[in-house]
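Everything below concerns the one structure shown next.
The values are calculated or read from the model by the stated rules, or taken from the named source; none is laboratory data. Just so you know, these numbers come straight off a predicted model, no measurement behind them. Virtual Cβ from ideal backbone geometry, glycine too; neighbours counted across all protein chains shown.
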RNA sequence: GGAGAUUUACCCAAGUGGUUGAAGGGGUCGGUCUUGAAAACCGAUAGGAGGUGCAAGCCUCGCUAGGGUUCAAAUCCCUAAAUCUCCGCCA
């Protein structure tokens, strides 16, 4: 949600900024509503004040033995007249809210406009692995090593699902545990949130109303709930409608959850088992900060996500996304993309974003500023740290050896009973 | 799933139609006393959103939320949510 005051003061600036997000809009109508709304508000409130005054005079008049029926009439008359204005006010407010809710966040000034094609790689770690033998893709490796069972996944769940088996399950769990231990080391608070969330949470995160169709809604609960598409949705709502203590900021959380998403259409077979199915595992970080601290927090989150991939020893790059490629609620996003040798492209394993006060406004998350004594909206930021669904295949492919085995990245070994190499199953 | 109870400010809590934005207590902050602290005493402190104004201020909305009745609602009515208790269910 954008600040109506900002639009009122600098409509041209906001309009131009949103253009970078490929969002063309016109504020003239909104601003005329805004003007009319404030005029109506004045009339409605003045009438109410008059009604309050008259009503309050009743007890005294009664005590004095005066006839109060005249006062009743007066108030009724004003109320009747006012009802009209109130209805109109409500109508305009609703229109304005609808308009404002649909607007995306304003991208940071330093971002270039346009879509994906304008994303820019700003950092590269390691280099593309070279294989002196015929390398295998992750599906082949996962199958031959008995790590993932795609067929049985389809059997028990249907299309778009797979089963981690044996060392595959252990590898997946080791990844998650590695991430968790790193975040704990950095002083982040571990959260295990509910996976079934209410509508309001989706709205505050900015996923609704635009992406109502992209999540799974559950039958049988009233009011309806949905399966979280990312732990961000839960974490960013933890302090909804709260005034946080300044001393508590920055508040640093992380959570592990599966993420449930409807993915329309099919994916290329070469990306099988990697592109998100309906469910994938992710550890997600979220920070609540004071406005002046969010840039620093953003760098911290990007750094943390990158360090995880780095410690895993994987070749990856960081992309600064163009304004049009970052999601609706965000002002700034960097993607961390790991290299997948079999298809020769980089795939997102983490997306770090600064929502600034966009989500906080929707959720009314504030803190009291000790200097002014006033409440201010916090800034919210999030970053995956990390999603496993691309890390897992990247490890298999980047760490594969000629004999078909896969070396376990060193940092994961403590979480896998010291296992160093995953070897093909003997038949 | 069934039955009942509850929801008032930072916390506890009074308040069943009228100058009640809300008694009282605790807490917090300041002070007196004290070498210091505690205790006691004195004083201060009531959230939040919005409109208007240079400002002081004024006005509107706020007693879980949303409706309604009424000249007037924390108080009456309806709906919803959350919490608690008992019963049922529980892979």
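Annotations
- Flag if residue A:181 is modelled with pLDDT of 85 or more, part of a helix (DSSP H, G or I) and under 30 Å from residue A:103 (Cα atoms): no
- Within the range A:42-61, the residues that satisfy the criterion of being over 30 Å from residue A:93 (Cβ atoms) and near RNA strand B (Cβ under 6 Å from one of its atoms) are A:58, A:59, A:60.
- Within the range A:181-214, the set of residues being surrounded by fewer than 19 Cβ atoms within 10 Å (Cβ to Cβ), away from RNA strand B (no atom under 16 Å from the Cβ) and closer than 18 Å to residue A:261 by Cβ comprises A:209, A:210, A:211, A:212, A:213, A:214.
- Extreme residue, nearest to RNA strand B (Cβ to nearest atom), among residues of the range A:377-390 that are within 22 Å of residue A:104 (Cβ to Cβ) and over 13 Å from the mean Cα position of the chain (by Cα): A:377
- Of the residues screened, residue A:52 is one that is over 19 Å from residue A:358 (Cα atoms), exposed (fewer than 12 other Cβ atoms within 10 Å of the Cβ) and not assigned by TED's automatic domain parsing to the domain that holds residue A:357.
- Check on residue A:96, outside any loop (DSSP other than H, G, I, E, B), surrounded by 15 or more Cβ atoms within 10 Å (Cβ to Cβ) and within 16 Å of RNA strand B (Cβ to nearest atom): yes
- Here residue A:64 does not qualify as within 9 Å of RNA strand B (Cβ to nearest atom), more than 29 Å from residue A:9 (Cα to Cα) and without any contact (Cβ under 8 Å) to a residue 12 or more places away in the chain.
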